[in-house]
Amino acid sequence: MESPEECRVAALEIAAARAETLAAALDGGVEVETRNGWPAAMVCAHYAMRTSRTLSAAVHLCANSFGVESQSLLRNMSQDMVEVRYIATDPVVLSEQWRVHESRRRYYVYNSRVELQEMDEPEDLNELEQLIESDWNEARDLAAAKLHKEPKNVSNREARRYLLKDRWTRLNIHQVAEAATQKYPDTMELFEWYPYLSDHAHGSAGLTGDYLQKQGSQLFVKDHRDPRFKSGSMAVSALVLAHSVLVGLNDIGLKCDPESLIADLPFSGPEFDDL
């Protein structure tokens with residue numbers, strides 16, 4: 001039976017090799033089927049590269065004894081998994097909604113920065129402005145229905161809460177996960193870890209055990225150079241999350257085999273959790 005240290009080393013070696021294989025497969029370009037339209041191809045290209053790079057970054061942190069810090073990246077991967085799988089439930093319609101939101105984001109970035117720095121005006125600024133105007137009209141209609149007012153009598157302050165600016169869907173992340181579960185039954189199980197990862201990303205004081213240890217009545221700082229603590233388990237978890245994203249991307253149109261990321265992983269059980 002392998003020792004915990006041998007398991008940790010093996011986990012990191014496997015994760016590094018598979019992250020490198022995925023990166024190499026995408027280096028020559030992202031191959032996507034066009035059956036769902038070019039917005040779906042954009043989704044595939046964006047999330048495939050983002051997933052590959054995030055996986056490589058998480059494994060790199062783990063290999064250098066920063067398994068705890070890699071959890072912020074795993075949170076990003078968890079959210080990407082939910083959104084990609086949600087898009088895969090209706091690739092044509094939802095990919096277009098995602099594309100429209102990215103256009104919306106370009107407008108707000110330009111609008112907020114143009115007074116602070118010199119920026120080239122977007123070539124499609126007129127279309128972007130029409131999109132934002134349409135957003136405000138929709139928000140006023142929604143606010144009017146909620147407040148029992150005429151849309152023309154709804155103030156910007158009242159309409160703002162219904163404005164799609166920072167999110168591309170009116171569903172919150174938990175609702176998106178529930179919707180994705182209809183196509184991918186393991187989504188909610190994978191998503192159960194999200195609150196913990198979010199607490200870590202937000203610096204929750206409830207997770208001080210990752211940094212401090214108590215001996216009697218005194219607190220001591222843990223040695224962050226200790227390579228054992230959570231490095232192996234986080235690296236393998238990153239593989240699992242990357243696989244879950246790519247499964248959704250395959251259904252949207254990505255030509256890439258995700259199974260090689262998790263094939264024959266020899267790690268499981270509670271004894272692996274703190275590797």
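Listed values for segment 198-208 are Karplus-derived 3J(HN,Hα) couplings in whole Hz (6.51 cos²θ - 1.76 cosθ + 1.60, θ = phi - 60°), namely 5, 4, 5, 5, 8, x, 4, 5, x, 10, 4, and x replaces Gly and Pro. According to the Cα-based calculation, Rg over Rh for segment 138-190 is 1.21, with Rh computed by the Kirkwood formula. Note on segment 1-96: with charges restricted to the Cβ of Lys and Arg (+1) and Asp and Glu (-1), its dipole about the Cα centre is near 200 debye. For residue 143, neighbours were defined as the other residues whose beta-carbon sits under 14 Å from its Cβ, and their charges (Lys and Arg +1, Asp and Glu -1) total +3. Assuming charge only on the beta carbon of Lys and Arg (+1) and of Asp and Glu (-1), the dipole of segment 127-232 about its Cα centre is about 380 debye to the nearest 20.
Convex hull volume of the C-alpha atoms in segment 142-236, normalised per residue: 200 Å³. Temperature 37 °C, viscosity 0.692 mPa s: under these conditions the Stokes-Einstein estimate for the chain, based on its Kirkwood radius over C-alpha pairs, is 156 µm² per second.
Summing +1 for each Lys or Arg and -1 for each Asp or Glu among the other residues whose beta-carbon sits under 12 angstrom from that of residue 25 gives -2. The packing ranking of peptides 11-22, 114-125, highest mean first, is 11-22, 114-125, where packing means the average number of other beta carbon atoms within 10 angstrom of each residue. Amide hydrogen proximity for residue 162: with H placed 1.01 Å from N in the peptide plane, no residue at 5 or more positions away or on another chain lies under 5 Å. Between amide H atoms placed 1.01 Å from N, distances below 5 Å from residue 230 occur with 275, all of them 5 or more places distant or on a separate chain.
The calculated 222 nm mean residue ellipticity attributable to helices in the chain amounts to -19500 deg cm²/dmol, summing -39500 (n - 2.57) over DSSP H runs of n ≥ 4 and dividing by all residues.
Rounded to the nearest 10 degrees, the inclination of helix 91-113 to the longest alpha-carbon principal axis of the chain is 80 degrees.
Just order 163-172, 38-47 by mean Cβ neighbour count inside 10 Å, highest at the front, would you?
38-47, 163-172
Entry comment: accessible area of segment 120-224 is 70 Å² per residue, from protein heavy atoms only and a probe of 1.4 Å. What you get for the chain, charging only the Cβ of Lys and Arg (+1) and of Asp and Glu (-1), is a dipole of about 920 debye around the Cα centre.
Cβ under 13 Å from residue 208's Cβ, residue 208 left aside: what net charge do those residues give with Lys, Arg +1 and Asp, Glu -1?
Details: positive: 214, 222; negative: 199, 210.
Neighbour charge sum, excluding residue 208 itself: 0.
Farthest towards the positive end of the charge dipole of the chain, among the residues 164, 61, 22, is the Cα of 164, using unit charges on the Cβ of Lys, Arg, Asp and Glu. Amide hydrogen proximity for residue 32: with H placed 1.01 Å from N in the peptide plane, the residues at 5 or more positions away or on another chain lying under 5 Å are 255.
Each eigenvalue of the Cα gyration tensor of segment 1-112, multiplied by 5 and square-rooted, gives one semi-axis; in descending order these are 33, 17, 13 Å. For segment 68-216, the orientation-averaged shadow of the C-alpha convex hull comes to 14.1 nm² (one quarter of the hull surface).
Here the accessible area is traced with a 1.4 Å probe on the protein chains. For the chain, carbon and sulfur cover 49 percent of it.
The values are calculated or read from the model by the stated rules, or taken from the named source; none is laboratory data. Everything quoted here is computed from the prediction, not taken from an experiment. Don't worry about glycine lacking a Cβ; one is built from the backbone with ideal geometry, like all the others, and counts go over all protein chains shown. In case anyone asks, the SASA skips ligands and DNA or RNA and just uses the protein heavy atoms, side chains included. Shrake-Rupley method; radii C 1.70, N 1.55, O 1.52, S 1.80 Å.
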